[in-house]
Amino acid sequence: TFFLLELLLSSAIKALHSTVPSKLPGREDQIEKISSIFYESLDSKKSSTLYISGPPGTGKTACLNYILQLPKISKGFKTVYINCAGVKSSNAVYQRVADELGLKLKGRTEKTFQSGIYSYLSSNHKMILLILDEIDQLESKRQSTLYSIFEWPLIPDSNIVLVGIANALDLTDRVLPRLKAKINFQPVLVPFAPYSKQQIIDILKERLTEVGVESVLTGGALQLLASKLAAISGDIRRALDLARRVIELARNNEKDGKSVTLEEVLTVVNNVYSTSATLISDSKNTTSEPFPIQQKLLICTALLIRQQSKSKELTVGKLHETYKKVCEKRNFSALGLSEFLSLAQLAESRGVIKINGKTQNRLSKVSMQWDEKEVANALKDKELLASILLDTSCL
């Protein structure tokens, strides 16, 4: 019996990992809209532009991955996917695109890459699907990179479908007003709203039913989990992570029942929401609230870099990279860049760090405002602080 129960719970945990599922409940409209534009572009050989927006964990990338597996789309397009958060500078994106297209260019300058891409798009070639994830990371003072990229579909017979993905709903209006003035520039906007309680329930049920273990998480336990997540963020990745933790706790408790209890859900929810999810409530009360664990990790990492690095300059990107290593070594889940930026902004609102510049992205400069003593007094976690400050292997 214990072996069967272990197998049941292990199957449930595996089913809740963030892989591309066979169905995406609650995102049928978005899948229909995006795939129909892709099909239309393939059939008519016409270029088009899409802008997909929505907070983290709302299924943007999952929907695209699902669509990219559809036979006509996977065969019809040459797909180029670039996560802009991993591009060192806005200009380096041209190099990545040129390399992905397999262009053999004589020079390695920005101008060479730009003209090479332009020539390629003007020539006869297979339909290109260019996906730029976290495209807001390419923002700059003059927005020249974004303007240049968004103009590619306007090149006659360019045969390109450009897909920009970011969190902000108003990116195209805010940073590309000149293109709005061009009559033929009308990107199709596909917004993704946070998941509702019912949608979270449907997704968790779908995942567990696929492997025949839906009995593990049912009734009040499932309702509680979904309502908590919907109220905080509507982030499905958090929901999947939370559900995994609940089932792992049930497995560790070695109980006879096959279903997760309300108590187990409450235990995990209270643990998680007294740490990383307190980010939301922290923004309302920035003085008396204790620091959640994710902010502690960020602040200790920033202090480690300041104490050990010879360079005076620290960017959000560098801080995020080091923070990920710090998390990994301590078995914490690291936040993605977009969530990390929100985390950094909360730390800034409490006066711990300062992020320079109006547009805050991975290239923004960060400066530490507190010294070690101030951090130690505020964090009330001397062991964590000491262990991170000694951990130069993360740098």
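Values as computed for the structure displayed
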{"read-out": "Residue 383 versus residue 103: modelled label distance in nm, points set 7 Å from Cα along the beta carbon direction", "value": "5.5"}
{"read-out": "5 angstrom amide H check on residue 48, placed H, neighbours 5+ away", "value": "160, 161, 162"}
{"read-out": "Beta bridges by DSSP in the range 28-191, antiparallel share as percent, to the nearest 5", "value": "0"}
{"read-out": "Listed pairs 88/380; 14/228; 104/126 exceeding 28 Å between Cα atoms", "value": "88/380"}
{"read-out": "Full-stretch length increase - residue 125, residue 259 - with 0.36 nm per residue and alpha-carbon distance subtracted", "value": "42.7 nm"}
{"read-out": "Rounded FRET efficiency, nearest 0.05, which uses the C-beta distance separating residue 211 from residue 81 and R0 of 25 Å", "value": "0.30"}
{"read-out": "In order through the range 53-68: 3J(HN,Hα) via Karplus (6.51 cos²θ - 1.76 cosθ + 1.60), integer Hz, x for Gly, Pro", "value": "10, x, x, x, x, 9, x, 4, 5, 4, 5, 5, 4, 5, 5, 5"}
{"read-out": "³J(HN,Hα) computed for each position of the range 375-387 - Karplus, 6.51 cos²θ - 1.76 cosθ + 1.60, integer Hz, glycine/proline x", "value": "5, 4, 5, 6, 6, 6, 8, 5, 5, 4, 4, 4, 5"}
{"read-out": "Violating pairs (Cα-Cα greater than 24 angstrom) within the set 60/111; 197/329; 296/329", "value": "60/111; 197/329"}
{"read-out": "Anisotropy class of the range 28-191 from Cα gyration tensor, a/c 1.5 cut", "value": "rounded"}
{"read-out": "Residues with amide H under 5 Å from that of residue 81, placed H, sequence gap 5 or more", "value": "131"}
{"read-out": "Rounded FRET efficiency, nearest 0.05, which uses the C-beta distance separating residue 155 from residue 70 and R0 of 30 Å", "value": "0.70"}
{"read-out": "Extended-chain gain in nm, criterion 0.36 nm per residue less alpha-carbon gap, residue 309 and residue 92", "value": "75.6 nm"}
{"read-out": "Förster radius 30 Å - calculated FRET efficiency between residue 266 and residue 28 (Cβ-Cβ, nearest 0.05)", "value": "0.40"}
{"read-out": "Cα gyration tensor, the range 61-129 - rounded (a/c under 1.5), prolate or oblate", "value": "oblate"}
{"read-out": "Cα gyration tensor, the range 282-394 - rounded (a/c under 1.5), prolate or oblate", "value": "rounded"}
{"read-out": "Sequence-separation-based contact order of the range 28-191, relative, with Cα cut under 8 Å and 6+ spacing, percent", "value": "36"}
{"read-out": "Karplus-derived 3J(HN,Hα), 6.51/-1.76/1.60, for each residue of the range 191-199, Hz, glycine and proline x", "value": "x, 10, 7, x, 5, 7, 4, 5, 5"}
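Any read-out appearing in this document is the output of simple, stated calculations on the displayed coordinates, not a laboratory observation. Please read these numbers as outputs of a predicted model, since none were measured by experiment. Reconstructed Cβ throughout: ideal geometry from the backbone, glycine too, with neighbour counts over all protein chains shown.
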